[in-house]
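The values are calculated or read from the model by the stated rules, or taken from the named source; none is laboratory data. All of these numbers come straight from a predicted model, not from anything done at the bench. Quick reminder, even Gly has a Cβ in these numbers, built from the backbone with ideal geometry, and neighbours come from all protein chains shown. What goes into the accessible areas is simple: the full protein's heavy atoms, side chains included, and nothing from ligands, DNA or RNA. Shrake-Rupley method; radii C 1.70, N 1.55, O 1.52, S 1.80 Å.
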Amino acid sequence: MVRGLTTYIYETPGFLKSHQLRGTRIVIDGKGLMHILFFDFGVDFRHGGDYREFREVCTKFFRALLHCGVEPYVLFDGADDLQDVKFETLVERAQRKIDNSVKISGGQVGRSRLRPAFTTDVFIKAVCDLDIPLIVCDFEADEQVVALANNWKCPVLGEDSDFFVFDIKGGYIPIEHLRWREIDVNNVGERPPAISCKIYRAQDFCRHFRMTQEMFPLLATLLGNDYIDGKAFDDLYHSKIKREVNIPGRPGVRVPRIVTWVSQQRSADALYRKMETSLMSSGTAIHQMKKSIEIYGAKLATSKFHGYLENGGALPEIPGWSLPQWCAEFYRRGLLPPTFMNIKYQRKNFLTAFVEDTSKPSCNQTSKWIRQVIYGILLQRAGGSLEGEPSSAADVQSVDEIDREGTQVRCRPIATVTSLPTFGSLPDLERVTRLDKEERKSLILEVLEVDPGRLQEIPDELKLPVATTIYWRKKADPPVSDHLVRVLLLGTTLCHFGNDLDMDDVSTNLEDAPRVLNLTAVQAFAQWHSCMDYTSQLNTLVHTPYPTPDATKLYHGTLLHRIYATTRLQQDVNPDWVKTDVLRGSPAAVALFRQLCRVVQNP
């Protein structure tokens, strides 16, 4: 993200031009689109996520594109760069998420936002259910997005100022300038309608400033981005740029001054030398500058995914990563989280951030044991030793977890687990697929400390969530009350029967979702969320012996908090009220709720 460039382009007339989008391919930055669709539609995030509503937004968006003859191709960011060039930026983002959690849980939301844990899963499932191509890249997606769009000479759709820097032949459409909500997908005419939007082309920017495209990587570096802080060039800004560019001082004047000054330079080489000199031989800053220029100056002739998407065939391999074929394919399809690659090749894991009670230990502590097993499988080598260590090593290998401690981001080494008492030595990624389904189920249930017989009568799609809920109830710290357990199970029942029960009608019998969050409920549900998140990851890692949990049929944050607010004074969930007012006398729903309570709450 180039600092200040989006605002500058939006506020300068002539750079964004009216455009009618129809009958074309379009390459989409998946992460940027997901972010916009979640927050611009007001999907609740304070209570842990209303995934049902988010899925509906995603589906409506892509149906609007398809209705207009637009063929979307979604590319997602992959793992963090192996060279750690953005590590400081990632730590800053982790701290910002913690700060946002403090504000949200304290009722002072303002501009603070935090995407719930299963947002990406819901988005990817919505895309795949519509048979829209989606690929996860090796690392950041920007380079491949631009290359693929240029292969097809089609536009890019995204939400990242980086796309203002790249030379995209078909233009760049910022998502917030795409008026897709005006499209009526039920209106069928002889010709597909068009979506009104604004489009940007780098050549218009260059023409306006009489600047060559090769100056853009240096401009993006001077302004500052995820690779280098623009403050590194403060000396150059104050000694030269500010003096040589006569623009009156006002808020935000730094960006236009830098843009104007760059346009006045004779060549990219001359500008590079001035920038390098200004850093006064700081090895770190010069390295960051070179990396930034390299990233923004990269020009791929062909996207590595062009042949696959154009002609079919196998998905491209991930160079330098020794992954079994099934694992690489799961990764490309968005089924394995990119964090697995950070764990495997960097021994680092940025844990999911939640809205929680920051006066208590991180909710991720409850799911720590599950992650330790994940680490053991990811790092296990054929023959039983961990990658990076001889089999006879006495020291236990660890993964650095970046998580919350109080209100600050902290890095803690967490030991891997290499075997379980009953299952024995954990499998490596190759051996996983040689285990039969029952063995893989046994591995998961041993991790969760749940007897298989306990789940016998539970529907298959709920077996993993129920086992996770049993684990959460035993491990939660602070402990959760039976009341909170029943609230969660009632919410699960409602979500499971969401298509048969009118959720809006049910809500009329509940209190409004509280403006001031009850931190006891917030922390309990955040702990469950963390356990469910990592159990789902473990299930995928051992080749999905259980059906992949569908978050839209498991969790609805505002609904849960409304149930809790309605029943808090009684400190219980009245069975007659549940049967009559909440589950509307649905025999199947009532039977499932009773069954869930019996299985989860019995010792």
Once label points are set 7 Å from the Cα along Cα→Cβ at both Ala588 and Ser196, what is their separation, rounded to one decimal in nm? 4.4
Probe radius 1.4 Å, ligands and nucleic acids left out: which of Glu317, Glu182, Glu446 has the largest accessible area, and how do the rest follow? Glu317, Glu182, Glu446
Descending semi-axes in Å of region 424-473, equivalent ellipsoid built from Cα gyration tensor: 22, 12, 9
The base-10 log of I(q)/I(0) that the Debye equation returns for region 19-135 at q = 0.11, 0.12, 0.19, 0.22 Å⁻¹, one scatterer per C-alpha, is -0.45, -0.53, -1.08, -1.24
Cβ-Cβ FRET estimate between Arg207 and Ala314, R0 fixed at 41 Å, reported to 0.05: 0.45
Kindly list the residues of region 278-306 that lie in the label zone of Asp269, defined by a backbone N under 19 Å from the point 7 Å along the Cα-to-C-beta vector. 278, 290, 293-294, 297
Simple Cβ-charge dipole of the chain, Lys/Arg +1 and Asp/Glu -1, about Cα centre, in debye nearest 20: 1400
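From the mean inverse distance of alpha carbon pairs (Kirkwood) and the Cα radius of gyration, derive Rg over Rh for region 1-54.
Working: Rg = 15.5 Å, Rh = 14.4 Å.
Looking at region 1-54, the ratio lands at 1.07.
Anything over 24 Å Cα to Cα? Flag those among Lys60/Lys103; Lys125/Lys475; Lys31/Lys60, in the order listed.
From Lys60/Lys103; Lys125/Lys475; Lys31/Lys60, over 24 Å: Lys60/Lys103; Lys125/Lys475.
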For the chain, accessible area per residue (1.4 Å probe, heavy atoms of protein chains only), Å²: 44
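Order 220-230, 19-29 from most to least packed using the mean count of other Cβ atoms within 10 Å.
Working: 220-230: 23.3, 19-29: 19.4.
Per-residue Cβ counts within 10 Å, averaged per peptide and sorted highest first, yield 220-230, 19-29.
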Volume per residue (Å³) of the convex hull spanned by the alpha carbons of region 152-273 is 153
Give me the number: length gained by fully extending Met503 to Leu66, i.e. 0.36 nm times residue separation minus the C-alpha to C-alpha distance, one decimal in nm. 154.4 nm
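Take the cross-link list Lys153/Lys198; Lys86/Lys344; Lys17/Lys86; Lys198/Lys291; Lys344/Lys441 and give me the ones stretching past 25 Å between alpha-carbons.
Working: Lys153/Lys198 17 Å; Lys86/Lys344 18 Å; Lys17/Lys86 33 Å; Lys198/Lys291 31 Å; Lys344/Lys441 23 Å.
Over 25 Å apart, Cα to Cα: Lys17/Lys86; Lys198/Lys291.
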With label points built 7 Å along Cα→Cβ from the Cα atoms of Asp167 and Arg111, find their separation and express it in nm. 3.5
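Using a Förster radius of 41 Å, what is the FRET efficiency between Glu511 and Ser18 based on their Cβ-Cβ separation? Nearest 0.05, please.
Values: r = 47 Å, r/R0 = 1.14.
So the FRET efficiency works out to roughly 0.30.
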Note the full-extension length gain between Asp229 and Glu294 as 0.36 nm times their separation in residues minus their Cα-Cα distance, in nm to one decimal. 21.8 nm
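Sorted by accessible area with a 1.4 angstrom probe, largest first, how do Tyr534, Tyr345 fall?
On the way: Tyr534 10, Tyr345 65 Å².
Accessible-area ranking of Tyr534, Tyr345, largest first: Tyr345, Tyr534.
Assuming R0 = 51 Å, what is the FRET efficiency of Asp581 and Asp400, from their Cβ-Cβ distance, to the nearest 0.05? List each step's numbers first, then the result.
On the way: r = 49 Å, r/R0 = 0.96.
The pair Asp581/Asp400 has a calculated efficiency of 0.55.
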Kindly sort Ile199, Ile295 by accessible area of their heavy atoms, largest first, with the probe set to 1.4 Å. Ile295, Ile199
